[in-house]
Structure formats: structure tokens, C-alpha cells
Amino acid sequence: MKPILLQGHERSITQIKYNREGDLFTVAKDPIVNVWYSVNGERLGTYMGHTGAVWCVDADWDTKHVLTGSADNSCRLWDCETGKQLALLKTNSAVRTCGFDFGGNIIMFSTDKQMGYQCFVSFFDLRDPSQIDSNEPYMKIPCNDSKITSAVWGPLGECIIAGHEGGELNQYSAKSGEVLVNVKEHSRQINDIQLSRDMTMFVTASKDNTAKLFDSTTLEHQKTFRTERPVNSAALSPNYDHVVLGGGQEAMDVTTTSTRIGKFEARFFHLAFEEEFGRVKGHFGPINSVAFHPDGKR
């Protein structure tokens, strides 16, 4: 199958995400948020309003709303169909991760530790307009130790799973905010966390050149997938026992090497046997984000 090249950003991609129908949302280090029809690569629309790099994007269950978090110190909620901005949540530092819970009613986002401000995870209930208007989340969890670099909602929206700069994984309760489980299996920053389709397990991608598989309720470590380069993103196939890893050498060192040495391929591993069985070439720089289409064929 011939790859489709989507050209809608001027700077490097920060995250790509499919909704349940298979439409692709992309954000990059420019202020533009794009959505694409993934069958033929047609651009469906853009969400304009951010004034800085956009780090994260998420769509809710029925793709009514889109959530984006940006380095312009804001998290924004959009009407997916019209592109209208529904809510603007201002923060003190860049928004690094964001996500809707399973029902699409509660959003969470985490902010960076920068400019003297601490790293926080904020929770807003979209059914309560007063929270949005006053910019007051119903819960705010401070992260004193190392900042959150990746976070997702756990199963049933009861907790969030957060990966930190130091390699720790924490499970925070979405009700009380307390740390339910804490594990440290990675030695360096966790760049990405992605759940399996049934939400029973998740895969982490780390700067320590590995991706690891965990149980999403106990955070028990199950499998390790090793490479020779930092892993920026990893995704689990919805219908096969496959994991795809994307990464490569740090972007700042790339200019001095050929693509062959840089290891910019997407790598496919078997979930159970931890063995690499395939690679896909095509990129000239490190892969920042990988995702499976919900049908598992793309």
C-alpha cells in the first residue's frame, strides 16, 4: 500500500490521534490543528485560535468535541463539526497533555513545570459551565517531583495514568486526586502512553530506548521492547498482537547523520514474544507520534 503524505503543518508534528470513525487529528509545533479524512488524505478542516505550538489533541467518544493543549498557556475546547471555539482555559504554563474521559464529560490536562510554576493536573466537568467560566477546575493535583510528560485516562474514567520526566508512572484517582499506584520501570523520560482498545493494558515509550507494556489497573510491568534509539511513541494494534514503535535519534543531532544511521523507521514488534518482525522506512527525521487506525489495517 502506498503511503499518503499529509501536508498541513509547517513545523514538526507533536501528536496524531484517530477518532473512533478513523478520522485523523494532527497537531504540531505550529498553531494549527488539522483533521483529515484518512481514507484518501483529504483535509476536512482546521481549528484556528492557538498562538503557540500545540502539544496535544483529543476527540471525545462521539467526536462532538475536540480538546487541544498548547504552549500558548491554554487548553481549548472546540466544536468538532463547525470548528468553533467553545471554551478557553488559561493556564500559567504550557499544556503538555490533555484528554476526555470515556463519557466525554470530564476533561483533564497537565501543565509544564516552567517559569517558576509547578506542574499540575487539572480536572474540569463540562456539565458544569461555572467551572469553565471561572476557570476553576473541580480538582487540581500538584506534581512536586518530576513533571508529567504524558498522561491518559485509565479504564472507566476512574483514574489517570501519568508518565513523568524521571521515568515514573503514577496512577491518580480522578475522584480524590491521590496516588493509587506508583511504579518506576523506565530510567528516563516517558514520551508517550497509549492504551489498548479494551483499555486493559497500555504501552509506554521512553527516552531510555525501550517501550514497555503494563497492566492498566495494577501498573504491573508485562513486556519490554528494546531498540537502540530513544522511543518517542508506541501504539498497540486493535486487532493483532502487534506493537509499533516510532522514534530515532534526538532531533538536534539529526543533521549530522544519514537516514540509515539515524534509525527513523517505524518498527513492528510482536506483543507476546517481544521480537521485532518488520520495519517501515519513509521518514527523514525522528518519528514523534504513531497511531493505529481503529480498523487496525492502517
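The values are calculated or read from the model by the stated rules, or taken from the named source; none is laboratory data. Not measured: the values here are computed from a predicted model. Every residue, glycine among them, receives a Cβ derived from its backbone with ideal geometry; neighbour counts consider all protein chains shown. Each accessible area value is taken on the protein alone, full model and side chains, heavy atoms only, with ligands, DNA and RNA left out. Shrake-Rupley method; radii C 1.70, N 1.55, O 1.52, S 1.80 Å.
Using the basic label-point model (7 angstrom from Cα toward the beta carbon), what is the residue 43 to residue 220 distance in nanometres?
Spacing of the two 7 Å Cα→Cβ label points: 4.8 nm.
Per 0.36 nm of contour for each residue apart, how much would the distance between residue 275 and residue 138 grow if the chain were fully extended, relative to their Cα-Cα spacing?
44.9 nm
Taking the Cα of residue 102, stepping 7 Å toward and past its beta carbon, and measuring to each backbone N in segment 149-172: which are under 17 Å?
Residues 152-161, 172 fall inside that zone.
Let's test this: bin the Cα-Cα distances of the chain at 5 Å from zero up to the farthest pair and state each bin's percent.
With 5 Å bins starting at 0, P(r) equals 1, 5, 12, 17, 20, 19, 14, 8, 3, 1, 0.
Could you pull out the chymotrypsin sites (Phe, Trp or Tyr not before Pro) across segment 173-248 that fall in loop regions by DSSP (anything but H, G, I, E, B) with no more than 13 other Cβ atoms inside 10 Å?
Loop-located and lightly packed - 240.
Of the heavy-atom accessible surface of segment 36-178 (probe 1.4 angstrom), what whole percent is carbon and sulfur?
Carbon with sulfur: 49 percent of the solvent-accessible area.
Tell me, what HN-Hα J-couplings in whole Hz come from the Karplus equation 6.51 cos²θ - 1.76 cosθ + 1.60 at θ = phi - 60° for each residue of segment 268-283, using x for Gly and Pro?
The phi angles translate into 9, 10, 7, 4, 7, 8, 6, 9, 7, 10, x, 9, 10, 8, x, 9 Hz.
Could you tell me the relative contact order of segment 1-141? Use alpha-carbon pairs under 8 Å, at least six residues apart, and round to a whole percent.
Averaging sequence separation for qualifying contacts and normalising by length gives 14 percent for segment 1-141.
Apply the Karplus parameterisation 6.51 cos²θ - 1.76 cosθ + 1.60, with θ equal to phi minus 60°, to every residue of segment 69-76 and state each ³J(HN,Hα) to the nearest whole Hz, in sequence, with x for glycine and proline.
In residue order, the calculated couplings are x, 9, 6, 7, 6, 8, 10, 10 Hz.
Given an 8 Å cut-off on Cα distances and at least 6 residues of separation, report the relative contact order of the chain as a percent.
10
How long is segment 67-145 along each principal axis, judged by its Cα atoms, biggest number first, in Å?
Computed over segment 67-145, the largest-to-smallest principal extents equal 38, 23, 22 Å.
For labels at residue 21 and residue 293 in the simple 7 Å Cα→Cβ model, what's the distance in nm?
For the pair residue 21/residue 293, the computed spacing is 1.5 nm.
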